[in-house]
Amino acid sequence: MSYPKIRLSLIAATLAYASLAVADDDPRHVRHELMESVGKAAKPIGKMLKGESDFDGDVLMSSLRTFEDAAGQFGELFPAGSNTGEDTEAAPAIWEDRAGFEEALAKWQTAVADAIAAQPDTLDAAEPVAGPVFQACKACHETYRIEDED
Amino acid sequence: MARIGRVVLALLAIGLLAAWWITRPQALPRQELPDREPDPVAGERVFWAGGCASCHARPVGGKRARGNDKLLLGGGLELDTPYGVFRVPNISSHADDGIGRWSMIEFVNAMQRGVSPRGRHYYPSFPYTSYAKMPIGDVMDLKAYLDTLPAVAGRSAGHTLDFPWSLRRGIGAWKRRYLDSAPVIRVDAVDPMVDRGRELVEGAGHCGECHTPRDRLGGLDADRWLAGAPNPDGEGRIPNITPAGENIAAWSAGDISYYLESGFTPEFDTVGGSMVVVQENMAKLPPADRKAIAAYLKSIPARE
């Protein structure tokens, strides 16, 4: 096998792998990735609230937009049959009590929308609107996520 | 032959008497109560540190009580364990169904000696082996606070336990091995913050009851103090919270107290499982108490 051929096959393999990743629309994977992005976006806000980093309004707004995007998608990402497998941490309660789940999700959506509308430009302004956003995370996880300790 | 029979009978009687003596409930005499006026405000702090409501608040609609319902201590929660089903009693201020008529010494003996006002052993599902390590003043303050809470009518059914656990007297022997008011972790340096943390973690907070593995007799394994244990509620494990713990090792003392206050880990993931109620209780403590807990957890030996 000549050198260019190896390179071509490498490129082909990479492309195939990439298309596989793009084509992965398994809701268990999509929602997991989405939740990971939410966690990453939460961290800088949390550090500001905790006093570990300086307030940065742009970072705050960008994180809130990530929440908004995720909050808008989550409702569709727990279809029937996606309740088990792939190490999902989704709790059975999502399917047993869909109305309760949607209510918990709506609380998050509302809290995020309120925070975006407030456009906080100081830490003092951010605290009262960020609090409900974080509380909504916690409240929903408590009932609708399985704990996978250790 | 008759003489051998008499000897056997006599030995048996001596053995029974010895067992009776060894397993006797050992209450603290009234005169050992310190002479002080209990403080209900300080007692409220002990109440949240101890998480009394997490077991004793009467469930509402099959779910755990929230908000002000946590102050209605009518009991009724069922704990399904390998030993059988324990039913949590009413500890409200109700005179007949709760503990409204209890004297201070009766309350202290329940909390720190596991002995009821009628002189019987409590099962250690009521974690008096932890409460034994509390300062007695905190226990007295707690009673003063409980006295201010509403009376709730109604009694829970008794426990349904498997043999031999159903023999309550046997708890006396178990207590000889596991009931001790001495600290679990002794450190040489005297740091008041670590000491306060120790009181909260080893005593009222009874953190070891879930975070420390148990031996075959159900006692805590002090050599693996807070090193993590199987989850008593089912699947998974309760994490190791010594400095060797997989997650907590990287947490600063500030991260630990922030977690107890807010429910968020340093990665801004949220508290989960049975820790949710614990964290909500800890959030009600003054910041100095959460700092003390963090300081203590950073000071204890790392255990795998």
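Things to note:
- Its Cα centre serving as origin, chain B has a Cβ charge dipole (Lys and Arg +1, Asp and Glu -1) of approximately 1420 debye.
- Each of A:105, A:32, A:51 was scored by the projection of its Cα onto the charge dipole of the range A:27-144, and the greatest displacement toward the positive side belongs to A:32; charges sit on the C-beta of Lys, Arg, Asp and Glu.
- For the peptide A:45-54, the mean number of other protein chain Cβ atoms found within 10 angstrom of a residue's Cβ is 3.
- Its Cα centre serving as origin, the range A:27-144 has a Cβ charge dipole (Lys and Arg +1, Asp and Glu -1) of approximately 120 debye.
- Charge dipole (the range A:27-144, unit charges on Cβ, about Cα centre) - positive-most of A:141, A:42, A:88: A:88
- Estimated from helices alone, the mean residue ellipticity of chain B at 222 nm is -10500 deg cm²/dmol (sum of -39500 (n - 2.57) over DSSP H runs with n ≥ 4, per residue).
- Helical segments meeting 20 Å axial Cα length and Kyte-Doolittle 0.0 threshold in chain B (DSSP H): B:2-22
- Close amide H pairs (under 5 Å, H built 1.01 Å from N) link residue A:145 with A:91, residues at least 5 positions away or on another chain.
- A cut-off of 5 Å between modelled amide H atoms, ignoring neighbours fewer than 5 places along the same chain, links residue B:229 with B:238.
- When peptides B:124-132, A:49-57, B:221-229 are ranked by their average number of other Cβ atoms within 10 Å per residue, the highest-first order is B:124-132, B:221-229, A:49-57.
- Subset of B:63/B:298; A:47/B:63; B:133/B:298 violating a 23 Å alpha-carbon distance limit: B:63/B:298; A:47/B:63
- Peptide-level mean, for A:126-135, of C-beta atoms on other protein chains within 10 Å: 1
- Couplings 3J(HN,Hα) of the range B:124-131, computed from phi: x, 4, 8, x, 6, 5, 7, 4 Hz, in residue order, whole Hz [Karplus 6.51 cos²θ - 1.76 cosθ + 1.60, θ = phi - 60°; x for Gly and Pro].
- For the range B:188-256, a crude dipole built from +1 on the beta carbon of Lys and Arg and -1 on the beta carbon of Asp and Glu, taken about the Cα centre, is about 140 debye to the nearest 20.
- Fluctuation leader among B:150, B:59, B:213 - chain B, Gaussian network, Cα springs under 10 angstrom: B:150
- Neighbour counts of C-beta atoms inside 10 Å place B:206, B:56 in the sequence B:206, B:56, starting with the fewest.
- Annotation: aspartates and glutamates with alpha-carbon distance below 14 angstrom to residue B:143 (same-chain offsets under eight excluded): B:37, B:39, B:44, B:106.
- Qualifying GluC sites (Glu not before Pro) for the range A:68-117 [loop in DSSP, other Cβ within 10 Å: at most 12]: A:76, A:86
- Per residue of peptide B:44-53, the mean number of Cβ atoms on other chains within 10 Å of the residue Cβ is 0.
- Shown here for the range B:137-192: trypsin sites (Lys or Arg not before Pro) in loop regions (DSSP other than H, G, I, E, B) with at most 13 other Cβ atoms within 10 Å, namely B:186.
- Once C-alpha pairs closer than 8 Å and six or more residues apart are averaged by separation and normalised to the residue number of the range A:27-144, the relative contact order reads 29 percent.
Laboratory data are not the source of any read-out in this text; all were calculated from the coordinates shown. Bear in mind the structure is a predicted one, so any value in this text is a computation, not a measurement. Positions of Cβ are backbone-derived with ideal geometry, glycine not excepted, and every protein chain shown enters the neighbour counts.
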